[in-house]
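Worksheet: the structure to be examined is printed underneath.
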Amino acid sequence: MVGFEPNLAFPDSLQMTTLIDDRRVRARDASPARYFYLHMALACAATAFLGFAPTYWVPLANRTLSASPVIHFHGLLFFTWSLYFALQTWLAASGRVVNHRSLGIAGVSLATAMTIFGFLASVHVMQHSAALGQKEAGIGFSIVPMSGIAFFAVVFVLAIMNTRRPEVHKRLMLLAAVSILDAAIARWFLTLLAPPGPPGPPPVPVTIAPAVVASLLLVVAMVRDWRSEGRVHPVYIYGTLALLAVKVLNWPVSESAAWHAFAGGILALAQ
């Protein structure tokens, strides 16, 4: 650091100080600790890819996958999100904050499309279940994807509202990314642990365990907070509790008459 204040009589000194300050900001932002969120984003992307590999990516590569366009768009958008999140965390970690903020608009558009197609995919699941003669089971299970995309959307909006508070913003973004991983993890549960049975939606209670496994990534983030800052940030504490509460409450809500009337009405409109 050059030890002088900018002198208005010498414009070059002002320019030199600005350049030095920019280098200090970039060096600070590129510190190893800043790469923690990049590593977490890569872990989320790997989880999403490996989770859907046996039921989507491998059959797609083998040309044996039969799925509606809604499901394909849904899968494309959600996987694009994992790549986008990794790119954004890399830009922030490497000090390219201007580029990070410029791509924020793209993130808003992507999250909006994810919310729309997440809802449409939920309706498709109900329609598919009804075609299999499991209409009520499909209506009950629809609470899982609908509450999941609603939670993601709310957390994402909160993250956008807190862009000027980076310590809050980046934790909310990680919470949003983790909140949609239970679907990918559930594919391995279904592939390895589910007994053979008729096609159709799984029971809602079995979706709780994958959500708990996904939340382990948030536990890693909490441990990192504790070790580096001596405390766990409230976003992780309340966010994780809220996420798990939603996943657990899906069970009783899915069996309620109110939910069946609400989701059943949506299904009736879609048919």
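No value in this document is a laboratory result; all are computed from the given coordinates. As the structure is a computational prediction, the values presented were derived from the model and not from experiment. Methodologically, a virtual Cβ is constructed for each residue, glycine included, from the backbone with ideal geometry; neighbour enumeration extends over all protein chains shown.
Numbers below:
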| quantity | calculated |
| --- | --- |
| Karplus-derived HN-Hα couplings along segment 35-50 (A = 6.51, B = -1.76, C = 1.60, θ = phi - 60°), whole Hz, x at Gly and Pro | 7, 4, 6, 5, 4, 5, 5, 5, 5, 5, 5, 5, 4, 5, 5, 5 |
| Between segment 74-117 and segment 128-186, the Cα center-to-center distance that results, in Å | 16 |
| Under-5 Å amide H pairs with residue 163, H placed in peptide plane, nonlocal only | none |
| Over segment 141-182: Kirkwood hydrodynamic radius from C-alpha pairwise inverse distances, Å | 10.4 |
| Prolate/oblate/rounded call for segment 43-121, Cα gyration tensor, a/c under 1.5 rounded | oblate |
| Rh by Kirkwood over Cα pairs, then Stokes-Einstein D for segment 192-271 at 0.692 mPa s and 37 °C, µm²/s | 212 |
| Table column - 3J(HN,Hα) (Hz), segment 88-93, Karplus curve with 6.51, -1.76, 1.60, x for Gly and Pro | 5, 5, 5, 4, 5, 5 |
| Nitroxide proxy distance, nm - points 7 Å out along Cα→Cβ at residue 231 and residue 167 | 0.8 |
